[in-house]
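One structure is given below, encoded as C-alpha cells.
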Amino acid sequence: MRVHPTFSSDQRGEIIDFFRGQQYAVVGDALSTAEVAALNQFVDRSKGQCPALWGVGSADIHTHGQILVDHPEMDSFARHPLTLGLVAEILGPQPRFAQIDFRDVPAGVGDRAALPFHRDRGFVPAAYWEEKQEECVYVCAIYYLSDVGEGDTCFCVVPNSHPYATREEAEQQMGPAYAEIPIRGPAGTMVLYNIAIYHTRVLGRSDAGRRTMHHYFSREGNPPLTNWALVPRRLAEHEDPETQAYYSQWTEAMRAYADAGFTRADSGKNT
C-alpha cells in the first residue's frame, strides 16, 4: 500500500508540485492547535443551539449546510489564507467560494458511515465535466478536526483518476499506477484534492467519532457546484470588491435567497 507524504505549511512549492502530479496533497499543520480548538468548540456550541439544523436525532452523520448564513464567526475560515493561497495557484488567481460544511460522525455509528468510491459532481452539467475531464476545475480542502490514526476511519483518494468514467475503469486502465491511498494524520491536517478524482471514507477497526470541515472552491467562470449553499448579505454585498467577487458564483437558490431579502423561511433571520 502506498503511503502519502505529509508536507508542512511552509513547503508551498512542494505542495503545489505534488498536487499537480497526483491531484491531491496532504498538509500536516494546515490549522493551528488554537484553530482546531476554536472549530471544535464552534461545532459543539452550534449543535447545542440548533440541533435540528445539524440533523441531531435524525441522521447518523451530523452536518449543517448553512454555516455562513447562521454563523458570522466562520467568515475567517471561509477565506483561510494558507488554503486560499494554495487554491489560487491550482485553480487560478481568483478562485470562487463554492461550499463549506462540517461532517461530524459520532462514536458508535459503525457501518452506517460507509461510502462507496465516488467523484463529487454536484449540480455541474455532465457536459462541462466531459469538457474539463483532464483539468482540475474544482478543489476541496478537508480539515481533520480530530486525530486520525491507524485503525480509525479515514479519507481515501485514488490519485490521477479524474479522466476515467468509473473507478473500475481507472483501476483497469492505470495498471501499476492505480492506488487507493488512506490519509491519516493528527487534528489540523488538511487534504487538498481535485474533486474529480475517486475518493471515499474508509471505515476503520475502531468506532471512534470523527469530525472534519469541508471547504469547496471553484474556478472563476465555472458553473456553480451546488444549488443549496447560501451566502449572507454581509458577504454577498461586501464593501471590498475582492471579497464580493469571491462569493459571486451564485446558484438559483442563492438568487432566490437574495431576492427574498436574504431571509430564510426556516430561520426568519435577516443576515
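Accessible area of region 12-167 with a 1.4 Å probe: how many percent of it is carbon plus sulfur? Walk me through the numbers on the way to the answer.
Working: 3410 of 6430 Å².
The C+S portion of the solvent-accessible surface of region 12-167 is 53 percent.
The value obtained for region 94-179, namely the Cα convex hull volume divided by the number of residues, is 157 Å³ per residue. Per-residue extension of 0.36 nm, minus the Cα-Cα distance of GLU130 and GLU252, leaves a gain of 41.6 nm for this segment.
Each residue of region 60-70 is assigned a 3J(HN,Hα), and the resulting list reads 6, 10, 8, 8, 10, x, 10, 4, 5, 4, 8 Hz, derived from the Karplus form 6.51 cos²θ - 1.76 cosθ + 1.60 (θ = phi - 60°), x at Gly and Pro. Based on the Kirkwood radius over alpha-carbon pairs, what is the Stokes-Einstein translational diffusion coefficient of region 1-151 at 25 °C with 0.890 mPa s viscosity, in µm²/s? Answer, rounded: 138 µm²/s. Backbone phi angles across region 33-50, fed through the Karplus curve with coefficients 6.51, -1.76 and 1.60 (θ = phi - 60°), yield HN-Hα couplings of 4, 5, 5, 4, 4, 5, 5, 5, 5, 4, 4, 4, 5, 5, 4, x, 7, 9 Hz in residue order; Gly and Pro are listed as x. How high is the relative contact order of the chain, in percent, counting Cα pairs under 8 Å that sit 6 or more residues apart? So the answer I get is 27 percent. Only helical runs count toward this figure. For the chain, summing -39,500 (n - 2.57) over DSSP H runs of n ≥ 4 and dividing by all residues gives -8000 deg cm²/dmol at 222 nm.
Annotation: amide H of GLN99 within the under-5 Å range of TYR216, sequence separation 5 or more or interchain, hydrogens built in the peptide plane.
ARG211 contributes an accessible area of around 30 Å² to the protein surface, as traced by a 1.4 Å probe with all chains present.
When the alpha carbon coordinates of region 154-271 are projected onto the principal axes, the ranges are 53, 36, 27 Å, largest first.
Rounded to whole numbers, the Karplus 3J(HN,Hα) couplings from phi for region 77-94 are 6, 6, 9, 4, x, 4, 5, 4, x, 5, 5, 4, 6, 7, 9, x, x, 10 Hz, using 6.51 cos²θ - 1.76 cosθ + 1.60 with θ = phi - 60°, and x at Gly and Pro.
Mean separation of Cα pairs under 8 Å and 6+ residues apart, divided by the residue count of region 99-217: what relative contact order is that in percent? The partial results should precede the final answer.
Details: 230 pairs, mean separation 60.2, N = 119.
Taking the mean separation of contacting Cα pairs over the length of region 99-217, I get 51 percent.
Proximity of backbone amide H atoms, modeled 1.01 Å from N, is registered between LEU115 and ARG201 at under 5 Å, excluding neighbours fewer than 5 places apart on the same chain. Annotation: for a label point projected 7 angstrom from Cα along Cα→Cβ of ASP259, residues of region 206-241 with backbone N closer than 18 Å are 224, 227-233.
Suppose all protein chains stay in the model; what accessible area per residue would a 1.4 Å probe give for the chain, in Å²?
Details: 11950 Å² over 271 residues.
Value returned for the chain: 44 Å² of accessible area per residue.
With a 1.4 Å probe and every protein chain kept in, tell me what percent of the accessible surface of region 185-245 is carbon plus sulfur. Don't skip to the end; give the middle numbers.
On the way: 1140 of 2260 Å².
After summing per-atom areas, the C and S share lands at 50 percent.
The values are calculated or read from the model by the stated rules, or taken from the named source; none is laboratory data. The structure displayed is predicted, hence computed values, not measured ones. Don't worry about glycine lacking a Cβ; one is built from the backbone with ideal geometry, like all the others, and counts go over all protein chains shown. SASA here: full protein model, heavy atoms, side chains in, ligands and nucleic acids out. Shrake-Rupley method; radii C 1.70, N 1.55, O 1.52, S 1.80 Å.
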